[in-house]
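What follows is a short report on a single structure.
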Amino acid sequence: MQALRNWEYYGMTESFTDLHERSANKETFSHLYEIVTSRENILLAYRTMKSNKGSKTPGTDGLTIKDIEQRPENELVSEIQNRLQNYRPKNVRRKLIEKDNGKMRPLGIPCIPGRIIQQCFKQVLEPIAEAQFYNHSYGFRPLRSAHHAMARIQFLINQASMHYVVDIDILGFFDNVNHTLLMKQLWNMGIQDRKVLACISKMLKAEIEGEGIPLKGVPQGGLLSTLLSNIVLNDLDHWVAGQWELFPLTKPFKSRTGERSAKIRSSLKEGYLVRYADDFKIICRDWRSAQRWYHAVILYLKDRLKLDVSPEKSQIINLRKRESEFLGLTIRANKKGHKRVAHTGIKSGKMLKMRSEAKKHILKMRTSPTALHAARFNSFVLGIHNYFNRATHVSVAFSRLAYDLRAFMYNRLKQIGKYGHPANPPPTYSKFYSLGYRTFKVADVYLYPLANVKTKNTMGFSTGLSLYTTVGRELIYKKLRPDLRQEIYLLSKSSIPNQSVEYMDNRISRYSMKLGKCEITGMYLFAPDVYCHHYISPHTGGTDKFNNLRILHKEVRQLILQTQKETIDVLTNKLGLTELMMVQINKYREKYALGPV
């Protein structure tokens, strides 16, 4: 993973591992400020934030990452360190974005230096928090996803026959976090460096443009906000788990005949929590337990976390009779033979939104039938297929979506595209889509068929995987391989200035054909690591044709063009290149009139 490579590059892996181990042992931390403000941590924060899509979004000062990326390293490090000595965050920019339900979500966007500072704190606080977070919290955590949360729910329905769901909707969670309580939770977690806590307190109270100083809440849009929100709800996670899942099966007591143990779990309410950010469910076996949980959780949120719930959206659902909604999907326990299993589909609201988005892409192609607009349509289709293909009834849902759009799509594209079965499509198309589906070809780009998607089995999260332990990292390197469909989607969403549509399209095709591997090292590449290299330079007649492109790790490509001996030595040692790999690199360098390394 790119994060691990960045840690190693800046020598922070050992520090983060140590913080995680000490936190797991319930130690306290009173000297974190030195790690936060270290040169290595600041440069790592800059590199991480730079790769974030939001780095191109300006704050109240109007600056983006482009305005500071040419500055010398020492100058940037000194500025961040000086700002933190007497930290006063700049005003936060307010931006409203539309939610799925039509309402607006307020985002708080800090200035670029403020984002780097928040990332510095996040990097140091996250290993401490991760050691204490609940296993079945999946939102905004390393290696975890919405698909893992759905897999957990399906497991409880299918394997444990638990068919009652307690849905609790927290009213405006991010806008109502209690600052005083959050600071206490950080202290109780072991984060007891007063300089660090003072800086976090100032971040929470940063003035919002046009609204003033907030008295509560964590601004959505800040890099540290997701971690802080998980820390707030971690108390709820462990309280729920402690009532049943993690409660001891027996309790020792002394009797006349000596020490014995008694089963005490029968009087408790059975329930299992699954949470993704502020969206969570408690899965129960019977109606009585669900009722007890419903009232207990509302009371806990109100009394302990100072949070209110929405009575209209909070309810108990019998999955045998009604469906529940979670993360854009619907869940129901339907009969299959002599048992009930989880059937998942797509929310009607999501279906309407996807249909609307598809129409927008089709109209753009109709107005301007370019390869770029066709590629953007394909990126949209691949994205929704990637997310929803874990639903057990995804094929039915997308067949219906394609049917609803069939006439609209045909009438608007028949004059600008050719309709039929694909003939000699690029490798990406052949890899993921069947040639038996008819589709349009617009500007020499085959459009991905909406209806052609199958259910992909949901896999539960492996708790052994961890960025912060030696064993966990070894498992990551062994088990995790790029999901080509997901990585291709990310590549298709990226933009490279001054590159042709042909280059961008062939880059994806080449990556797919090479199964996501670097053509020199054989290393699996995630999207951020990919560089599509011209084998023959465009300056000497090389084209953007498929056969002139090579998929390389970006640091391998850097080595091919590098002329500084010190940098060459650093890259060679870091990449662990064999003699055969070095021979290949020298062949590539020869094409660019560079000497061997």
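The values are calculated or read from the model by the stated rules, or taken from the named source; none is laboratory data. Small disclaimer: the values here were computed from a predicted structure and weren't measured. All Cβ positions, glycine included, derive from the backbone under ideal geometry; neighbour counts span all protein chains shown. When the accessible area is computed, the model is the full protein with side chains, heavy atoms only, and any ligands, DNA or RNA have been set aside. Shrake-Rupley method; radii C 1.70, N 1.55, O 1.52, S 1.80 Å.
Among the residues of region 574-583, at least one is open to solvent by 70 Å² or more (accessible area, probe 1.4 Å) and closer than 28 Å to residue 143 by Cβ. When residues in region 67-91 are screened for being free of Cβ contacts under 8 Å to residues at least 12 places away in the same chain and either under 26 Å from residue 108 (Cβ atoms) or surrounded by fewer than 12 Cβ atoms within 10 Å (Cβ to Cβ) (or both), 8 of them pass. Contact map, region 2-22: residues that are open to solvent by less than 20 Å² (accessible area, probe 1.4 Å) paired with residues that are of a type outside the set (Asp, Glu) and in a loop (DSSP other than H, G, I, E, B), Cβ distance under 7 Å, separation 6+ or inter-chain. Pairs shown: 4/467; 16/468. The number of residues in region 381-432 that are within 24 Å of residue 443 (Cα to Cα), hydrophobic (A, V, I, L, M, F, W, C), modelled with pLDDT under 95 and open to solvent by 30 Å² or more (accessible area, probe 1.4 Å) comes to 3.
Taken as a whole, region 127-148 holds at least one residue that is open to solvent by 20 Å² or more (accessible area, probe 1.4 Å), closer than 21 Å to residue 314 by Cβ and not hydroxyl-bearing (Ser, Thr, Tyr).
Remark: pairs (first residue in region 295-313, farther than 15 Å from residue 232 by Cβ and without any contact (Cβ under 8 Å) to a residue 12 or more places away in the chain; second residue of a type in the set (A, V, I, L, M) and open to solvent by less than 70 Å² (accessible area, probe 1.4 Å); Cβ separation under 9 Å; 6+ apart in sequence or on different chains) = 311/298. Looking only at residues of region 546-559 that are surrounded by 12 or more Cβ atoms within 10 Å (Cβ to Cβ) and farther than 18 Å from residue 5 by Cβ, we find that the one that is farthest from the chain's Cα centre (by Cα) is 548.
When residues in region 271-281 are screened for being surrounded by 23 or more Cβ atoms within 10 Å (Cβ to Cβ), touching a Phe, Trp or Tyr at 6+ places or on another chain (Cβ under 7 Å) and either over 17 Å from residue 332 (Cβ atoms) or modelled with pLDDT under 95 (or both), 2 of them pass. Does residue 325 meet the test of being assigned to a strand (DSSP E or B), among the acidic types (Asp, Glu), open to solvent by 50 Å² or more (accessible area, probe 1.4 Å) and on the phi < 0 side of the Ramachandran plot? For residue 325, the condition - assigned to a strand (DSSP E or B), among the acidic types (Asp, Glu), open to solvent by 50 Å² or more (accessible area, probe 1.4 Å) and on the phi < 0 side of the Ramachandran plot - is met. I'm checking my understanding of the structure. Among residues of region 275-329 that are closer than 26 Å to residue 147 by Cβ and aromatic (Phe, Trp, Tyr), which one is nearest to the chain's Cα centre (by Cα)? So, considering only residues that are closer than 26 Å to residue 147 by Cβ and aromatic (Phe, Trp, Tyr), the one nearest to the chain's Cα centre (by Cα) is 276. Among the conditions (1) acidic (Asp, Glu); (2) closer than 19 Å to residue 11 by Cβ; (3) more than 28 Å from the chain's Cα centre (by Cα), the only one that residue 40 does not satisfy is (3). Among the residues of region 190-207, those identified as within 16 Å of residue 35 (Cβ to Cβ) and touching a strand residue (DSSP E or B) at 6+ places or on another chain (Cβ under 9 Å) are 190, 191, 192, 193, 196, 197, 200.
The set of residues in region 342-356 that are in a helix (DSSP H, G or I) and open to solvent by less than 60 Å² (accessible area, probe 1.4 Å) comprises 349, 350, 351, 354, 356.
Surrounded by fewer than 13 Cβ atoms within 10 Å (Cβ to Cβ) and either touching a helix residue (DSSP H, G or I) at 6+ places or on another chain (Cβ under 6 Å) or touching a residue at least 60 places away in the same chain (Cβ under 8 Å) (or both): is that true of residue 459 in this structure? So residue 459 passes the test.
Suppose the filter is in contact with a helix residue (DSSP H, G or I) (Cβ under 6 Å, 6 or more places away or on another chain) and farther than 26 Å from residue 517 by Cβ; does residue 407 pass it? For residue 407, the condition - in contact with a helix residue (DSSP H, G or I) (Cβ under 6 Å, 6 or more places away or on another chain) and farther than 26 Å from residue 517 by Cβ - is not met.
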